[in-house]
Amino acid sequence: MTLIDNFNRRIDYLRISVTDRCNLRCKYCMPACGIANKLHSDLLSFEEIAKIVRIGVSLGVDKVRLTGGEPLVRKDIVGLVKILANIEGLKDISMTTNGILLKNYASQLKKAGLKRLNISLDTLQEEKYRDITRGGELKEVKEAIKLSLEAGFHPLKINMLLLAGINEDEIIDFLRLTINLPIHVRFLEFMPTKNNEFWHSREDFISYKEVVGISKGLGHVEDIDVHGNGPAKNFRIKHARGTFGFIAPLSESFCSSCNRLRLTSDGFLKACLHSDLKINLKDPIRRGMDEKSLIQLINLAVNTKLKEHILSENPISSSEYLMCQIGG
Ligand code: SAM
Ligand code: SF4
């Protein structure tokens, strides 16, 4: 069985927000006061997450990504990775983390079966890091990068969100990191959300094309296509150990090849980051709904998938969820 949406896209990738809590308050993502967190009893248990993943795998899902909030603040996250790693047919488990707690977990996560790791890092300057994250310590993330490489996460991905007027002067430094380290720097175009002090007008936006221009100053840039699944575009500075790429939802929408579903920490399945349509799986599971009916609900969610987002015409996502709740 496979999951095919109304526009003939095959869905094989599930992003799972394991918690809405976070140990940072990045200015572009969360209000300074944080958000009203869900009750622990409203969060999906590991068994419930595993049940949904198992059914997803029976429908052709073969990749999951754990995100948050901050996934490493969820108690016994390594235990969840172990449970998922035992699901037959699930080929790839990855995680997106801010890296603050990662030095304590990198090697355990690798042993538990985590295959790939993305660390979000928007600046290489301590003071700026504290400012953007409202208090985070850059040295923790640097240490985590070192230990993750030692633990065998190759290539390690670093997500750098392009923030106009804040970190564009560091694009060149992030590109230089790829010359000597086996990392993949992934530049993310900023997506405006309802709660955003970073988006005033289109002029505040840095397009991936500007980064491509800057990279050419570092030597010959090869267009490559590595790391498979997903909407990224990938390049390498000639002879560099690492690579770089882009997620460019505004400049070049990748909706036509979107293969993903999202599961919120409180158990709703969402087919699109930018839409409010969602299907409640948690309550039916807790009421004991049988697998056949759950499959119908999952198909219903898939059929709510929009043909495309309209961020380039109306650059404010209509989703009621903030990025910190749905995991980016
Ligand atoms: N806490 C984890 C972290 O920071 O990696 C996982 C959740 S975070 C919401 C996932 C990703 O979403 C991060 O790489 C972050 O930079 C990105 N993100 C947050 N707000 C964004 C926005 N408005 N536009 C684009 N990406 C955003
Ligand atoms: Fe920052 Fe990720 Fe937390 Fe958002 S969820 S505040 S991006 S660390």
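The values are calculated or read from the model by the stated rules, or taken from the named source; none is laboratory data. Note that the structure is a prediction, hence the values are computed from the model and not measured. Positions of Cβ are generated from backbone atoms using ideal geometry, with glycine treated the same way; all protein chains shown enter the neighbour counts. These area figures cover heavy atoms from the full protein model, side chains too; ligands, DNA and RNA do not enter into them. Shrake-Rupley method; radii C 1.70, N 1.55, O 1.52, S 1.80 Å.
Annotations
- Between Arg262, Arg134, Arg25, the residue with the greatest mean-square fluctuation in the GNM of the chain (Cα pairs under 10 Å linked by springs) is Arg134.
- Counting only residues at least eight positions apart within a chain, or on another chain, the aspartates and glutamates with an alpha carbon under 17 Å from that of Lys233 are Glu189, Glu210, Glu222, Asp223, Asp225, Glu252.
- Most mobile listed residue (Ala36, Ala50, Ala85) in the chain, GNM with C-alpha springs under 10 Å: Ala36
- Think of a 1.4 Å ball rolled over the protein heavy atoms: the chain then has 43 Å² of accessible area per residue.
- Of the GluC sites (Glu not before Pro) found in the range 77-128, those in coil by DSSP whose Cβ has at most 15 other Cβ atoms within 10 Å are Glu88.
- Computed log10 I(q)/I(0) for the chain at 0.09 Å⁻¹: -0.45, from the Debye equation with unit scatterers placed on every C-alpha and solvent omitted.
- Over 18 Å between alpha carbons, listed pairs Lys128/Lys216; Lys82/Lys157; Lys82/Lys110; Lys91/Lys115: Lys128/Lys216; Lys82/Lys157
- Residue of Val221, Val141, Val53 that the Gaussian network model of the chain assigns the largest fluctuation, springs spanning Cα pairs under 10 Å: Val221
- In plain terms, the C-alpha convex hull of the range 1-157 casts an average shadow of 10.3 nm² when viewed from every direction.
- Nearest-10 value in Å² for the accessible area of Asp169, using the 1.4 Å probe: 100 Å²
- Net charge, Ile237 excluded, C-beta distance under 13 Å - Lys, Arg +1, Asp, Glu -1: +3
- The Lys139 and Ala85 beta-carbon pair, evaluated with R₀ = 25 Å, returns a calculated FRET efficiency of approximately 0.25.
- Cα gyration tensor, the range 27-66 - rounded (a/c under 1.5), prolate or oblate: oblate
- Helix content alone sets the calculated 222 nm mean residue ellipticity of the chain: runs of n ≥ 4 DSSP H residues at -39500 (n - 2.57) each, divided across all residues, give -7500 deg cm²/dmol.
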